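Novice: Starting off with a structure, shown below.
The values are calculated or read from the model by the stated rules, or taken from the named source; none is laboratory data. Note that the coordinates shown come from a computational prediction; the quantities given were computed from them, not determined experimentally. When we count neighbours, we look across all protein chains shown, and the Cβ atoms used for this are built from the backbone with ideal geometry, even at glycine.
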Amino acid sequence: MRPKNDVHCPTDGRQSEKAREIARGSQRALALRGFRAIPELSLADGRRADLAAIDAAGEVWIVEIKSSIVDFRSDAKWPDYRAWCDRLLFAVAPDFPVEVLPDDTGLILADRYGGEIVREAPEHRLASARRKAIMLRFAQVAAGRLMTLADPEAAYEPLPRV
C-alpha cells in the first residue's frame, strides 16, 4: 500500500484553474508513454515551457497548454519552443476548437482526470549539445523543487538559465 501523499506542487499564480487541470491530465497522458514531465521549465532564451517532458531514451517533448481560444490567439511565441525539443505538442481541453491549432504540432486532449495524445507530433531532433543542456536543466530544476518541498524554509538560489 502506498503512503498517503499530501505534498502538493506550488503554483506561481499565473495559470488558470483550467490550465492547471489540462496540465495535470497531460502529465498523466505523457506518463503512460513513459515520459516524466515538469511544469514551467525556464529555457535559455527566456521562454518558459508549460510542460517539459523526457523519456528514458532522452527524448525531449514540450507541451504548450492553451486554456482558451483567446489564450491561443494572443500567443505568438510558441514556435520558438521547437528549438528546445524533439517534438512540440499543444494540450487543450476536449471542448477547445482544435481546427485553429497548427497541423505540424502534436495534440493532447486533457482534463483534470487524464488525457490522450490524439495527434502525434512530427520529430525535429535536438543537437547533442542542446539536448545535454536541456537534460541538465530539467534534472536541476526537478531536484530543486523536490528539495524545496522537503525543506520549505530553505532559501535555495534560483538556477541560472542554460
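Novice: Determine whether A83 is under 14 Å from the mean Cα position of the chain (by Cα) and not in a loop (DSSP other than H, G, I, E, B).
Specialist: Considered against the rule, which asks whether it is under 14 Å from the mean Cα position of the chain (by Cα) and not in a loop (DSSP other than H, G, I, E, B), A83 comes out as no.
Novice: Please find, within region 51-80, the residue that is nearest to R125 (Cα to Cα) out of those that are in a loop (DSSP other than H, G, I, E, B) and among the small types (G, A, S).
Specialist: So the first thing to find is which residues in region 51-80 are in a loop (DSSP other than H, G, I, E, B), and the list is 55-59, 66-68, 74-77.
From the residues that got through so far, the ones that are among the small types (G, A, S) too are 56-58, 67-68, 74, 76.
Values: A56: 16, A57: 13, G58: 11, S67: 28, S68: 29, S74: 28, A76: 22 Å.
Taking the candidates together, the pick is G58.
Novice: For region 48-105, name all the residues that are at pLDDT 95 or above, farther than 26 Å from M135 by Cβ and of a type in the set (D, E).
Specialist: Across region 48-105, the qualifying residues are D95, E99, D103.
Novice: While we're here: Which pairs do you get when a residue that is within 18 Å of G25 (Cβ to Cβ) and surrounded by fewer than 19 Cβ atoms within 10 Å (Cβ to Cβ), found in region 60-89, comes within reach of a residue that is at pLDDT 95 or above and of a type in the set (S, T, Y), reach meaning Cβ atoms under 7 angstrom, with the pair 6+ apart or on two chains?
Specialist: If the second residue must be at pLDDT 95 or above and of a type in the set (S, T, Y), no pairs are left.
Novice: Report, by residue number, each residue of region 86-108 that is under 12 Å from E64 (Cα atoms) and not in a loop (DSSP other than H, G, I, E, B).
Specialist: Hits for region 86-108 are R87, L88, L89, F90, A91, V92, G106, L107, I108.
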